[in-house]
Amino acid sequence: MPKVTMTAVAQAAGVGVATVDRVLNRRAPVRSATEQKVMAAAKSLGYQLTQAHSQHIASPAAQALRFGFILLPARYSLYQQLGEALKQQAEQQQPAGSEPVFCWHDIHDVEAVARSVRQLAQCCDVIALVALDHPLIRHAIQDVSRLGVRVYALFSDFSACEHAGFIGIDSQKAGRTAAWMARHLLRRPGCVGVLIGDHRFTCQESSEISFRSSLRESGISQRVLEPLKTHETAEGGYQATRALLESHDDLVMIYAPCGGIEGVVQALRESGRTQIDLVCHGPLPGDELALIDGTITLMLRHRIEAMAEAVVSACLNGRMEPRAHFAQITVPFEIVTRENL
């Protein structure tokens, strides 16, 4: 019998060869429905499936997972959009008649987050959350992980606490990418402001450090200021930006790898100081208009739909791994200017 090729499987499943490669060789997660389609096509063509492959061809009931999510409230920039995307992806994998459970907590309400981790563990198989790297939260994650509930960090990772994995962008690359753009923009003397949501967001800490390190390597003459906090809110972003503007007449750039950019945009517009470049992370409401009118110079934008798909795929694939396995899923970010909208 001739060897069944990946091209033949791809044609039978109606997907690309790269997707077949990811499924059959388990190189990266894909949507459960796509994975099932590929496995069914491979089996029908006589592809030699291993025992690990066969475990993927379980019935939909056996594949069902109960999902729990802990996110920042919808008023925090991108979280309403993320919540909707996660719900759409996860509800396809939930047991019949159930829906994913969502909890929404303010950034600094660490006790409520820790309580929600423990409560969700009583009714969910997997938990994915956005939270500060706080000891109380890590302790709750460690406890429920030891009970067999898999916990995944979204956007910002935690220090070691036996969680199952991290899904987000490469923050070091993001910071260095922002610095690369800054080196091309910084033509005038002055200072560079930095805004972060909170020091316990490890993703923002990594972006800030990488940004500073890259600029230091390039030998720029502009001074990079100590970061101010936005607390991930529009009001926090507004107040932090006003403080920068009032304290530094020579401010020439702001780097903001955080939430609350709506407030940053508002403060810059009100100031009338159009010569200040804003390099930030996104998305955020009204970001395209802010790019078009020049308030935002460059945005490193999270791909929310891709993020939600990666989260659900990682959770599904995680059932096949030993408890000690740690999934590190990097989701690409987009570099957006007004010229490529």
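A few points about this structure:
- Cβ-placed point charges (K, R +1; D, E -1), dipole of the chain about Cα centre in debye, nearest 20: 1100 debye
- Positive-end extreme of charge dipole, the chain - chosen from L49, V113, V279 (charges on Cβ): L49
- Accessible-area order (highest first, 1.4 angstrom probe) of the listed residues C103, C123: C123, C103
- Cut-off 20 Å, label 7 Å out along Cα→Cβ of A160, residues of the range 299-331 by amide N: 322-329
- R66 contributes an accessible area of around 100 Å² to the protein surface, as traced by a 1.4 Å probe with all chains present.
- Extension gain, L185-A74: 0.36 nm per intervening residue step, less the Cα-Cα distance, totals 36.6 nm.
- Calculated diffusion of the range 157-296, Stokes-Einstein form, Kirkwood radius summed over Cα pairs, 20 °C and 1.002 mPa s, µm²/s: 141 µm²/s
- Reference-scaled alpha-carbon Rg (2.2 N^0.38 Å with N residues) for the range 281-341: 1.54
- Solvent accessible area, Å² - E305, 1.4 Å probe, full protein context: 100 Å²
- Under 16 Å from the Q172 label point (7 Å along Cα→beta-carbon), backbone N, the range 214-248: 214-215, 217
- Carbon + sulfur, % of accessible area of the chain - ligands and nucleic acids excluded, 1.4 Å: 50 percent
- In plain terms, the C-alpha convex hull of the range 109-213 casts an average shadow of 7.2 nm² when viewed from every direction.
- Selection from A40, Q88, L71, by position along the positive dipole direction of the chain (Cβ): A40
- Adding -39500 (n - 2.57) for every DSSP H run of four residues or longer, then dividing by how many residues the chain holds, sets the calculated 222 nm ellipticity at -13500 deg cm²/dmol.
- Residue-level accessible surface for F326, protein heavy atoms, 1.4 Å, Å²: 80 Å²
- Evaluated at q = 0.12, 0.14, 0.18 Å⁻¹: base-10 log I(q)/I(0), Debye formula over Cα of the range 74-166: -0.36, -0.49, -0.82
- Straight-line reach from K229: taking Cα to Cα under 18 Å and skipping same-chain neighbours fewer than 8 places apart, the aspartates and glutamates in range are D106, D109, D133, D198, E205, E208, E246, E262.
- Phi angles of the range 325-330 translate, via the Karplus equation with coefficients 6.51, -1.76, 1.60 and θ = phi - 60°, into HN-Hα couplings of 5, 10, 8, 10, 10, 9 Hz per residue; Gly and Pro are given as x.
- For K43, a cut-off of 14 angstrom between C-alpha atoms picks up these aspartates and glutamates, skipping any fewer than 8 places away in its own chain: E35.
- In this structure the chain gives 45 Å² per residue of accessible area when probed at 1.4 Å with all protein chains present.
- Residues in the range 111-116 carry Karplus couplings, in order, of 5, 5, 4, 4, 4, 5 Hz; the curve used is 6.51 cos²θ - 1.76 cosθ + 1.60 with θ = phi - 60°, and Gly or Pro positions show x.
- In this Cβ point-charge picture (+1 for Lys and Arg, -1 for Asp and Glu), the range 223-329 has a dipole of about 380 debye about its Cα centre.
- Label separation (V4 vs I220): 5.4 nm, computed from points 7 Å beyond Cα along the C-beta direction.
- Of the residues Q122, S221, A310, the one whose Cα sits farthest toward the positive end of the charge dipole of the chain, with +1 on the Cβ of Lys and Arg and -1 on the Cβ of Asp and Glu, is A310.
- Over 18 Å [Cα-Cα, the range 225-341], rounded percent: 56 percent
- The range 141-252 - charge dipole about Cα centre, Lys and Arg +1 at Cβ, Asp and Glu -1, debye rounded to 20: 400 debye
- Bins of 10 Å, starting at 0 and running to the largest distance - Cα pair percent for the range 140-194: 20, 32, 19, 17, 10, 2
The values are calculated or read from the model by the stated rules, or taken from the named source; none is laboratory data. Computed from a prediction, not measured in an experiment: that's the story for all the values here. Here the Cβ is made from the backbone with ideal geometry for all residues, glycine too, and neighbour counts use every protein chain on show. All accessible areas refer to the heavy atoms of the entire protein, side chains included, with ligands and DNA or RNA removed. Shrake-Rupley method; radii C 1.70, N 1.55, O 1.52, S 1.80 Å.
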